[in-house]
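What follows is a short report on a single structure.
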Amino acid sequence: MKGIYILSPLNQQKFTLDQEIEKPTPDKYEIVVHIKSCALVCPNCKALNELYKKNPREKYIVGHDIAGVVVDLGEGVSNVHVGDSVVGIIPVDSYYPGCGEFCCLSEYDVVKKPERLSFEDAAAGIGDCVKAYTALFYQARVCSGDTVLVIDGATPFGHVVIQLATQWGAKVITTASSQDEQMFLEKVNPPVAQIIDIEKRSNILVSSVMEETGGVGVDVVIDNGVRMFTQDEDKREVEEKRKYPVLHKHDVISCLGMSGKWITSQSDLQLDPPDSQQLFLRGASVNFLFENMWTLSYAQHGRYQHILHDAINKLERGIVKTKIAKTVNLEEAVNILPELENTRIGKTVVNM
């Protein structure tokens with residue numbers, strides 16, 4: 001069988017289509033899924049380097065958010081049966097990629113797919129829904145009446161965060177980094193309170209947020225990574241080079257109100273004493289968003305299953321909608337992956 005991997009060293013971003021993968025055999029409580037669709041996401045190389053620091057692999061799987069049909073069961077499996085259509089997320093420590101023909105995962109990592117929901121839409125939405133639930137509910141504890149600042153709201157993850165936050169009664173402010181993103185966000189329903197254009201001037205964020213909130217600040221900030229350095233030499237030293245505008249950590253902290261919560265995807269975030277002082281004076285907190293924690297530790301099976309079920313229910317009913325930018329096959333996916341981060345609006349889905 002075939003599958004896509006990223007080769008070591010990870011910083012070289014070399015992808016390969018392996019044609020000789022053995023079909024998996026399930027262990028106890030595991031299932032084998034014939035994959036129909038998989039959402040393409042840029043591999044989290046920093047996380048993989050940290051997870052496999054002591055025992056590095058020659059190659060790492062590509063693709064985690066999958067939808068397919070169960071073809072084999074391990075001992076003790078009771079939640080699904082052969083022939084069931086399922087949706088789930090493959091753990092980062094798996095040997096079988098989502099961008100492949102078959103995968104093996106725990107029965108607790110999947111839920112049944114409703115008939116009305118296509119394999120493509122299910123795969124495109126499940127990963128971002130889990131990540132958004134983790135940020136909004138389990139970390140930020142968003143309630144009706146809260147004000148949430150979503151950085152890069154036009155990205156697939158940002159789009160889902162906006163939809164869930166508004167559904168729960170929160171007021172949403174978001175940012176756009178291009179004219180296309182601005183147009184996309186203007187069509188979001190229900191509409192957001194304000195769209196801040198940071199394409200040319202990122203320094204208007206704080207003043208715009210304070211004007212919108214009457215000087216109070218926001219209850220929650222959910223970022224898409226932040227810039228930690230301002231000097232050119234520091235940027236080069238930490239390889240902080242990005243095509244799209246990235247907000248500085250000081251701007252994010254300045255937007256927080258009293259007891260505000262900052263949910264960050266910046267795994268190597270560095271807080272200097274002045275940053276900590278500003279957070280302290282606000283009584284604010286910082287949470288690191290790593291959605292793969294659910295499948296790396298099985299201490300919260302019940303909560304994770306609840307997220308998966310509720311996410312699929314909302315996707316089926318159209319309460320949460322995803323935009324698919326393009327669909328490709330395995331061979332095309334290998335060529336697209338190195339430039340995937342340039343696709344900001346909509347998900348790329350691989351169909352097997």
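The values are calculated or read from the model by the stated rules, or taken from the named source; none is laboratory data. Worth saying up front: this structure is predicted, and the values here are computed from it rather than measured. Don't worry about glycine lacking a Cβ; one is built from the backbone with ideal geometry, like all the others, and counts go over all protein chains shown. Note: accessible area is taken over every heavy atom of the protein model, side chains too, but ligands, DNA and RNA are not part of it. Shrake-Rupley method; radii C 1.70, N 1.55, O 1.52, S 1.80 Å.
How much area per residue is accessible in the chain when the probe is 1.4 Å and only protein heavy atoms are counted (Å²)?
47 Å²
Computing Rg and the Kirkwood Rh from the Cα coordinates of the range 28-77 gives a ratio, Rg/Rh, of 1.08. How many percent of the alpha carbon pairs in the range 165-205 exceed a separation of 12 Å? Of all Cα-Cα pairs in the range 165-205, 57 percent lie more than 12 Å apart. Along the axis of the charge dipole computed for the range 140-288 (Cβ charges of +1 for Lys and Arg, -1 for Asp and Glu, origin at the Cα centre), the listed residues Ser276, Val142, Gly215 are led at the positive end by Val142. Projected label points at Ser207 and Gln305, each 7 Å from Cα along the beta carbon direction, are separated by 5.3 nanometres.
Comparing Trp294, Leu17, Ile90 along the charge dipole axis of the chain, the residue lying farthest to the positive side is Trp294, per the Cβ-charge model. The Kirkwood radius of the chain, taken over pairs of alpha-carbon atoms, gives through the Stokes-Einstein law at 37 °C and 0.692 mPa s a diffusion coefficient of 156 µm² s⁻¹. Per residue, the convex hull spanned by the Cα atoms of the range 12-117 measures out at 110 cubic angstrom.
Only alpha carbons enter this Debye calculation for the range 158-235, each as an equal point scatterer, and the log10 of I(q)/I(0) it gives at q = 0.11, 0.16 Å⁻¹ is -0.32, -0.66. As a fraction of the 1.4 Å probe accessible area of the range 1-124, surface on carbon and sulfur atoms comes out at 46 percent. Relative to the first principal axis of the alpha-carbon coordinates of the chain, what is the inclination of helix 119-133, with its axis defined by its Cα atoms, in degrees from 0 to 90 and to the nearest 10? Long axis of 119-133 versus the principal axis of the chain: about 40 degrees. A straight chain from His34 to Phe288 at 0.36 nm per residue would run longer than the Cα-Cα distance by 88.1 nm.
With both labels modelled 7 Å from their Cα along Cα-to-Cβ, the Glu339 to Arg141 distance reads 4.6 nm. When Glu332, Glu107 are compared by accessible area of protein heavy atoms, the largest-first order is Glu332, Glu107, using a 1.4 Å probe. Given Cα positions, please report Rg to Rh for the range 237-352, the hydrodynamic radius being the Kirkwood one. Checking Rg against Rh, the ratio lands at 1.04. Taking Cα atoms only, the orientation of helix 301-317 departs from the longest principal axis of the chain by about 80 degrees.
Annotation: extensible slack from Ile319 through Lys200 equals 39.5 nm (criterion: 0.36 nm per residue apart, minus Cα-Cα distance). Using alpha-carbon pairs under 8 Å, 6+ residues apart, how would you state the relative contact order of the chain in percent? Reported as a whole number, the value is 19 percent. Computed from the alpha carbon atoms alone, the convex hull of the range 242-301 holds 126 Å³ per residue. When the solvent-accessible area of the range 249-301 is split by element, carbon and sulfur atoms take up 56 percent of it, the probe being 1.4 Å. Report, in degrees rounded to the nearest 10, the 0 to 90 angle that the Cα long axis of helix 156-167 makes with the longest principal axis of the chain. The angle comes out near 70 degrees. The simple Förster model, with R0 at 30 Å and r as the Cβ-Cβ distance, assigns Glu22 and Tyr298 a FRET efficiency of 0.75. Taking only the C-alpha atoms of the range 90-186, the Rg (one decimal) and the largest Cα-Cα distance, Dmax (whole number), read 15.9, 45 Å.
In the range 140-288, the ratio of gyration radius to Kirkwood radius, Rg to Rh, stands at 0.95 when only Cα atoms are counted. Annotation: Ser285 carries an accessible surface of approximately 40 Å², with a 1.4 Å probe and no ligand, DNA or RNA atoms counted.
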